[in-house]
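Every number here is computed from the coordinates shown, using simple stated rules; none is lab data. Since the model is a prediction, treat every value here as computed from it, not as a measurement. As a convention, Cβ positions derive from the backbone with ideal geometry for all residues, glycine included, and neighbour counts pool all protein chains shown.
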Amino acid sequence: QKEVEQDPGPLSVPEGAIVSLNCTYSNSAFQYFMWYRQYSRKGPELLMYTYSSGNKEDGRFTAQVDKSSKYISLFIRDSQPSDSATYLCAMSQGNDKIIFGKGTRLHILP
Amino acid sequence: GAVVSQHPSRVICKSGTSVKIECRSLDFQATTMFWYRQFPKQSLMLMATSNEGSKATYEQGVEKDKFLINHASLTLSTLTVTSAHPEDSSFYICSAGTYEQYFGPGTRLTVT
């Protein structure tokens with residue numbers, strides 16, 4: 001079993017829809033959870049950062065962490081064509097290397 | 001959020017030459033930086049952990065003599081691809097931070 005599993009997509013949704021992106025993981029020692037957005041030929045951009053379990057909201061984005069299920073989610077409300085990108089989940093145990101999911105390619109259809 | 005820069009953003013070199021890529025943390029100090037490479041439509045592959053004032057830690061399968069890393073200050077790490085070959089052509093990205101990592105914009109290397 002891989003440490004982090006993420007559906008690669010592509011995921012296509014109509015503009016304005018709610019998008020749900022998910023990752024599962026196997027290492028219960030992970031404490032820090034992140035979501036990155038990466039546009040083609042650009043470096044990943046940190047969207048959300050969460051410590052331990054719980055929810056975090058920032059504008060149209062909501063991150064959820066359920067450590068008991070080893071499952072994290074990113075929700076995007078009122079999706080826009082500019083949200084079309086690859087979304088990478090990432091996690092770590094602390095001040096060390098981060099383990100990434102393979103990324104989900106998201107297409108928002110106008 | 002914190003800002004990480006990379007230079008150059010794009011470089012083309014001839015086979016057999018060496019190329020240096022710089023990674024800088026602009027508004028914070030970073031004792032640790034990470035170097036990744038990414039092939040088209042693939043996820044990030046960690047190459048090495050760059051530690052300020054000490055040797056880098058390389059991931060399994062990454063040739064330390066080919067990918068030289070120097071982390072001489074708290075704001076600068078460099079990756080030198082030595083004797084580059086076409087198969088080294090890739091997108092190289094660095095990151096820095098504490099618990100959350102901030103990425104540079106990446107360097108696209110093309111070896112002809």
* To do: Could you please state, rounded to a whole Å, how far the C-alpha centre of the stretch B:43-67 is from the C-alpha centre of the stretch A:44-68?
  => 29 Å
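Would you please put A:63-70, A:28-35 in order of how densely packed they are, using the mean number of other Cβ atoms within 10 angstrom per residue and starting with the highest?
Output ranking for A:63-70, A:28-35: A:28-35, A:63-70.
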* Restricting to chain B, compute how many DSSP beta bridges are antiparallel as a %, nearest 5. => 90 percent
* Structure fact -> Too long for a 31 Å Cα-Cα cut-off, among A:Lys70/B:Lys66; A:Lys67/A:Lys97; A:Lys2/B:Lys66, are A:Lys70/B:Lys66
* **Neighbour-count ranking [beta-carbon atoms within 10 angstrom, fewest first] of A:Tyr87, A:Tyr49** => A:Tyr49, A:Tyr87
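Which of rounded, prolate, oblate describes the stretch B:38-112, given a ≥ b ≥ c as roots of the alpha-carbon gyration tensor eigenvalues and a/c under 1.5 marking rounded, otherwise prolate only if a/b is larger than b/c?
oblate
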* Hey, what do the phi angles of the stretch B:56-62 turn into as Karplus ³J(HN,Hα) couplings, whole Hz, using 6.51/-1.76/1.60 and θ = phi - 60°, x for Gly and Pro? -> 6, 9, 9, 6, 4, x, 9
* **Amide hydrogen neighbours beyond the local backbone of A:Lys102, cut-off 5 Å, H modeled** => A:Gln6
* Kindly write out, for the stretch A:36-48 in residue order, the coupling ³J(HN,Hα) from the Karplus curve 6.51 cos²θ - 1.76 cosθ + 1.60 (θ = phi - 60°), rounded to whole Hz, with x marking Gly and Pro. => 10, 10, 10, 8, 4, 6, 10, x, x, 10, 5, 9, 9
* Would you list A:Glu5, B:Glu87 from fewest to most Cβ contacts within 10 Å? -> B:Glu87, A:Glu5
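Looking at the square roots a ≥ b ≥ c of the eigenvalues of the Cα gyration tensor of chain A, which shape do they give, rounded for a/c under 1.5, prolate if a/b is larger than b/c, or oblate?
Because a/c hits 1.5 or more and a/b exceeds b/c, chain A counts as prolate.
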* Under 5 Å between amide H atoms, partner at least 5 residues away or on a different chain: which partners does B:Ser90 have, H built in plane at 1.01 Å? -> B:Leu109
* Stretch gain in nm, segment A:Gln93-A:Ser40, where the contour uses 0.36 nm per residue and the Cα spacing is subtracted -> 16.2 nm
* **Reachable aspartates and glutamates, given that their alpha-carbon falls under 14 Å from the alpha-carbon of A:Lys56 and they are not under 8 places away in the same chain** => A:Asp66
* To do: Taking Cβ-Cβ under 4.7 Å as the only way to count a partner, pick out the unpartnered cysteines of chain B.
  => B:Cys13
* Structure fact -> Listed by chain and number, the residues whose amide H is under 5 Å from that of A:Met48, excluding neighbours fewer than 5 places away on the same chain and using placed H, are A:Trp35
* Structure fact -> For the stretch B:1-100 the trypsin sites (Lys or Arg not before Pro) that pass both the DSSP coil test and the at-most-11 other-Cβ-within-10 Å test are B:Lys14, B:Lys41
* **³J(HN,Hα) computed for each position of the stretch A:55-66 - Karplus, 6.51 cos²θ - 1.76 cosθ + 1.60, integer Hz, glycine/proline x** => 10, 9, 10, 8, x, 7, 9, 10, 10, 10, 10, 10
* Residue-averaged beta-carbon neighbours from other chains (10 angstrom radius) around B:38-46 -> 5
